[in-house]
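Working notes, beginning with the structure itself.
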Amino acid sequence: MPSFSKTLLPALALLTGLSACATVKRLTPDLTKIPVPPMPSFSTLKKVTRILPGMPDSDKAAEDDPQMPFNSRGTLGYGHTLRLHVYEGSRSTNRIYNGVAMIDSSGVIDFGDEIGSAKIGGATLPEAVAALTSTFRVGMRITRPVTVHILSVEDVPVVSITGDVIKDEFIPAWEDMTIKQAVTVAGGRKVGSTNQGIYLIREGQRRYYPSLEAADEREPEPGDIIYLSPDL
């Protein structure tokens with residue numbers, strides 16, 4: 001056998017292995033590189049209509065509450081003010097909190113002795129919801145489900161898309177938006193999912209729809225949670 005085979009054969013084996021790896025990579029989706037859909041132009045944001053008596057009509061917790069830039073896909077920090085409605089229970093719900101609360105210089109929202117505090121500085125909105133839910137459940141010693149609705153941040157109305165989605169998401173709520181549009185902007189269901197069911201959660205109450213098309217009979221409002229079922 002010619003002497004060059006000693007170097008040629010290993011090289012051919014390496015090329016074959018690289019070719020096989022390349023084939024696998026082409027056939028396997030890289031979830032980290034799935035493009036994030038662009039936000040639409042929000043020239044006509046919705047108004048937060050569910051302002052309860054005694055609540056401020058803007059997201060300002062105090063006179064010295066600064067106006068801060070806000071990106072619903074970014075992280076929260078000092079001065080960001082959230083309008084919150086919190087409910088206890090699932091079938092029979094009870095509103096246990098409604099208020100406008102600001103993140104202080106330590107990254108904390110302090111709800112007082114009865115509830116406690118939540119450190120959400122540096123968190124995304126989905127992460128903040130998890131922290132807030134835990135704060136209310138533990139602080140108020142609640143055993144039933146707790147639902148946290150974020151209606152707006154810095155006067156930007158938002159809706160949440162969660163469940164069987166590529167990534168939990170908050171997006172600004174614009175006029176005439178549909179549930180299908182909101183899900184599309186959030187990136188849609190997880191890769192390979194065949195589920196169709198969807199819940200619209202408003203004021204702690206769930207309403208089920210068998211498909212996105214069926215759900216479009218209702219227009220999302222600020223604070224709504226669009227939950228794509230992972231089972232149906």
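The values are calculated or read from the model by the stated rules, or taken from the named source; none is laboratory data. In this text, all values refer to a predicted model and were calculated from it rather than measured experimentally. Counting neighbours? That spans all protein chains shown, and the Cβs are built from the backbone with ideal geometry, glycine included. To get the accessible areas, we keep the full protein, side chains included, count just its heavy atoms, and leave off ligands, DNA and RNA. Shrake-Rupley method; radii C 1.70, N 1.55, O 1.52, S 1.80 Å.
Summary table below
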read-out: Ranked packing of 204-215, 49-60, most packed first, by mean Cβ within 10 Å; value: 204-215, 49-60
read-out: Carbon plus sulfur fraction of accessible area for the stretch 80-232, probe 1.4 Å, in percent; value: 45 percent
read-out: FRET efficiency estimate (nearest 0.05) - Cβ-Cβ, residue 55 to residue 176, R0 35 angstrom; value: 0.85
read-out: Cross-link reach list, aspartates and glutamates versus residue 47, counting only Cα pairs under 19 Å and skipping chain neighbours closer than eight places; value: 57, 59, 154, 155, 175, 176, 203, 219, 221, 224
read-out: Probe 1.4 Å, accessible area per residue of the stretch 133-202, Å²; value: 40 Å²
read-out: Chain lengthening between residue 218 and residue 127 when straightened (0.36 nm per residue, less Cα-Cα); value: 30.1 nm
read-out: Accessible area of residue 76 in the full protein assembly, 1.4 Å probe (Å², nearest 10); value: 10 Å²
read-out: Burial order of peptide ranges 93-101, 159-167 (average beta-carbon count within 10 Å, highest first); value: 159-167, 93-101
read-out: Residue 108 paired with residue 142, simple spin-label distance in nm, labels 7 Å along Cα-to-beta-carbon; value: 2.1 nm
read-out: Net +/- balance of residues flanking residue 196 in space, Cβ distance below 14 Å, scoring K and R +1, D and E -1; value: -1
read-out: Distance (nanometres) between label positions extended 7 Å along Cα→Cβ at residue 67 and residue 168; value: 3.1 nm
read-out: Calculated log₁₀ intensity ratio I(q)/I(0) where the Debye formula runs over C-alpha points of the stretch 96-232, q = 0.09, 0.12, 0.13, 0.19 Å⁻¹; value: -0.28, -0.50, -0.58, -1.12
